[in-house]
Each structure stands twice: as structure tokens, then as C-alpha cells.
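Down below is the structure, laid out as C-alpha cells.
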Amino acid sequence: MKLRIFLFTFLITLALIWLTSRANWSIRGLMAPLSRTALKWSEPAQAHGAGLTAEEQNNIDIYKAARLATVYITSTAVRRDFFYGPVASQSLGSGFLINDAGFILTNFHVISGSSRIQVTLSDQSQYYATALDPDRSDDLALIKIDPKRKLEYLRLGDSDHLQVGQKVLAIGNPFGLEGTLTVGVVSSIGRSIRAERSERLQGMIQTDAAINGGNSGGPLLDSSGNVIGINTAILGQTNIGIGFASPINRAKALLRDYQAGRVTERPKVGISTEYVAGDLAQALDLPRQGGLLVQGVQRGSSEDAAGVRGARQIVDIGNVELGIGGDLITAIDGQPVRREDALVQAIAEKRVGDTIVLTIYRNGRTIKLPVKLLRPPADLG
């Protein structure tokens, strides 16, 4: 009897062991395809171009085209040292081709004082350049190389209708790092700054696209790849998100002068203004459509000679001090003032000796005041 019970228990145990092993193999068989499926899910759907947004693709397309037309400029100046005699020093900058014949726009300070200008293209070929037309007052310069082939070049856009917030791209050679792209927005327009040699640069484009030493002279592009500015300066010694570019329409004026065989001599705005309109203008007993309220007039400037009047008293509006009692410029050459940089834009298209007509609201009546544009006084920069 005991033998039968032992054999029965032994057989039951063998059966259980066999059933357990079968179940484990079945679970492993079921898990294997699930594991393979999980591995497949971790792979990208496409190996190339996966996950790019439309904006990223736009940045890439613009860079690929503009990189070919952006150049690296090395200018060499020779100075005399009391102990060592002639000593060569180099400065680095950027520039960009504007046609396939080798004409290049850059900043004046990139090539200023140089005895030799060397241009390196994107394919690393090198050429010596000739300075054709410098414009120190706007920190612009036109130089030329003699290429052995037709070159890629950039289209010049329109800087008169820029909007704060629109995307911009800067390409250049910061710290000698060739072909660097940075992206940002137009932070403000119509800025006035002091350049490296203390010249006053007016109507500048402010951007948060990173600009550093070596970016000077490079293109600032819009989202269509058109040049809307020339990267010129930063606030401080290194990038803190505040950079400035010269509007491209100012460079177009330089090009027109060069084509016409004229010496470039630009007038400057000789007044400080604040743009007022709407409720603020109405509260100041000014026309609601507003305009540029003159704050101060630089002695010896074109506007001073023409009789433009500045503020007579200062009032506090919120946290801002505003000069009142001066002229309100409502139109320039018949065009209504709609932007804070309207006067800078208008004068940028003119030359010394030209005349502009200001429509002015003064003491409750409107007058038209012709202003002959004179050579800027030395202290105006």
C-alpha cells in the first residue's frame, strides 16, 4: 500500500514539473515578439531629416545658401614701434558678396587703416581685395576681389519696413570660427549708438542674435534669405543679447553713389525726438495721428539752421521724462510719420546738399519747413 502511494506521488510530481516547464517556454515565446516590437518602436521612422520643424528647415536652407556668399576678411595694418620699427597687426571680420563679379560689402572698421586686405571664401580659396568706396560716417565699405569663377552672392532686401519680433539670422566668423550661424529676432529699430571710433551711428537695427568679435561686416538675413542689415557692433565687450546692424538700405545708397561716380557724404539727423501718437498725443494737445516730438536740437546741425524748435519744459509721464513745447514733425517730404526712425530713414536716402521738407505742428498750426542738409558738425559724429 505504501509503495503504491509513493509511486502515485512520484508520478504526480513529475507531471507538475513537466507542465511548469511547458508554461515557462510558452511565456518566453510570447514575450519574445513583444520585446522585438519594443526595440522597433525605439528606432526613428527615418534616418535623415527626422523631427525637423518647418522653422528648423528654413534655418538650414538659408544657411546653406548664405554660407557660400559669406566671406572671412583679414586686414593687415602696419604701425611704427619706437623700438622694433614697423610692426604688423591683424584684425578679423566678415563680409558678403553682392554679385558674381566679386563685389563685397563689409564694415569700414574691418578694413580701416589696412595696407592689405585678404578675403577667404567658403571653399577656403583666398584673394587680395581692393577698397573701392568707404563710408566712415555709416561704418560701411565696398571692397572687390577678382575671382577666377562666378561666385554665389546674396540678395539685398528692404530694411525700411522691418517689424520688431520678426526672425533674423546672422552669419559670420566670430573669434575666427568661420561660418557660424546665430538666430534671433529684431529687438528694436532706430537705435543710435557710438561706434568703435566714437562715430555716432543712427537708425541701427537692434537684435538678440548672438554677435561677437569677427561678426562685424557679416550679413543679417530675414526668413527669406535677403540681407536686411550688416552686423556692426555689440553693447559691451562680448555678446549679451544686444547687437546692432546697419540697415541695408543705407548700403544701397553707398552703392548708388559708387555707380554714379560720386563721393559718399552723408548728412546726419541733428535732433533728438520721441514718437508720440494716439491718447498720449491728444493728452499733450497735439494731433491724434502724432509724429516725432522734438526734444533737443544740436547746435550747428541742419535742423538748427532751418529753425526747428526743441522742448521748452520737461514733464513726467509714468516713469518717463518727456520734453514738451517743441515742434511735432507729422510728415517728411509729404509722407506721414508712422515710425520712430522715420527721419533717420529719410535722411539716409539723401546726400549733403539735398533738401527735405518737414511738415511741423507748432503752436496750434501746421507749417512746412525746408531743411537743407549740411555737413554734420564734428561733435555730432
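The values are calculated or read from the model by the stated rules, or taken from the named source; none is laboratory data. All of these numbers come straight from a predicted model, not from anything done at the bench. Backbone-built Cβ (ideal geometry, glycine too); neighbour counts: all protein chains shown.
Counting the residues of the range 245-275 that are buried (at least 18 other Cβ atoms within 10 Å of the Cβ) and assigned to a loop (DSSP other than H, G, I, E, B) gives 6.
Conditions tested, residue by residue: (1) in contact with a strand residue (DSSP E or B) (Cβ under 7 Å, 6 or more places away or on another chain); (2) of a type outside the set (Ser, Thr, Tyr); (3) closer than 20 Å to residue 365 by Cα; (4) in the same structural domain as residue 335 (by TED's automatic domain parsing).
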position	(1), (2), (3), (4)
287	yes, yes, yes, yes
292	yes, yes, yes, yes
295	yes, yes, yes, yes
302	yes, no, no, yes
310	yes, yes, yes, yes
321	yes, yes, no, yes
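Residue count for the range 209-244, restricted to those that are outside any strand (DSSP E or B) and among the hydrophobic types (A, V, I, L, M, F, W, C): 6.
Screening the range 276-315 for residues that are in contact (Cβ under 8 Å) with a residue 60 or more places away in the chain and not in a loop (DSSP other than H, G, I, E, B) and picking the one that is farthest from residue 339 (Cα to Cα) gives 305.
Considering only residues in the range 181-208 that are of a type outside the set (Ser, Thr, Tyr) and part of a loop (DSSP other than H, G, I, E, B), the one that is nearest to residue 348 (Cα to Cα) turns out to be 199.
Scanning the range 106-139 for residues being touching a Phe, Trp or Tyr at 6+ places or on another chain (Cβ under 6 Å), part of a strand (DSSP E or B) and surrounded by 23 or more Cβ atoms within 10 Å (Cβ to Cβ) gives a total of 1.
Yes/no matrix, rows are residues, columns are (1) of a type in the set (A, V, I, L, M, F, W, C); (2) crowded, with 16+ Cβ neighbours inside 10 Å; (3) more than 27 Å from the chain's Cα centre (by Cα); (4) part of a helix (DSSP H, G or I):
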site	(1), (2), (3), (4)
326	no, yes, yes, no
331	yes, yes, yes, no
340	no, yes, no, no
344	yes, yes, no, yes
352	yes, yes, yes, no
356	yes, yes, yes, no
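Residue 178 satisfies every condition listed in (1) among the charged types (D, E, K, R); (2) part of a loop (DSSP other than H, G, I, E, B); (3) in the same structural domain as residue 105 (by TED's automatic domain parsing) except (3).
Yes or no: the range 314-324 includes at least one residue that is loosely packed, with under 12 Cβ neighbours inside 10 Å and in contact with a Gly (Cβ under 7 Å, 6 or more places away or on another chain). Yes, there is a match, as at least one residue in the range 314-324 is loosely packed, with under 12 Cβ neighbours inside 10 Å and in contact with a Gly (Cβ under 7 Å, 6 or more places away or on another chain).
Over 23 Å from the mean Cα position of the chain (by Cα) and surrounded by fewer than 19 Cβ atoms within 10 Å (Cβ to Cβ), is that true of residue 146? Here the answer is yes, as residue 146 does meet what is asked.
For the range 196-232, filtering for residues that are hydrophobic (A, V, I, L, M, F, W, C) and over 15 Å from residue 242 (Cβ atoms) leaves 4. Just one of the numbered conditions (1) part of a strand (DSSP E or B); (2) buried (at least 18 other Cβ atoms within 10 Å of the Cβ); (3) under 28 Å from the mean Cα position of the chain (by Cα) is not true of residue 360: (3). Going residue by residue through the range 70-88, is there one that turns out to be at pLDDT 90 or above and of a type in the set (Gly, Ala, Ser)? Looking for residues that are at pLDDT 90 or above and of a type in the set (Gly, Ala, Ser), one finds none in the range 70-88, hence no.
Within the bounds of the range 188-200, is there any residue that is surrounded by fewer than 16 Cβ atoms within 10 Å (Cβ to Cβ), of a type in the set (Lys, Arg) and closer than 28 Å to residue 54 by Cα? Looking through the range 188-200, none of the residues is surrounded by fewer than 16 Cβ atoms within 10 Å (Cβ to Cβ), of a type in the set (Lys, Arg) and closer than 28 Å to residue 54 by Cα.
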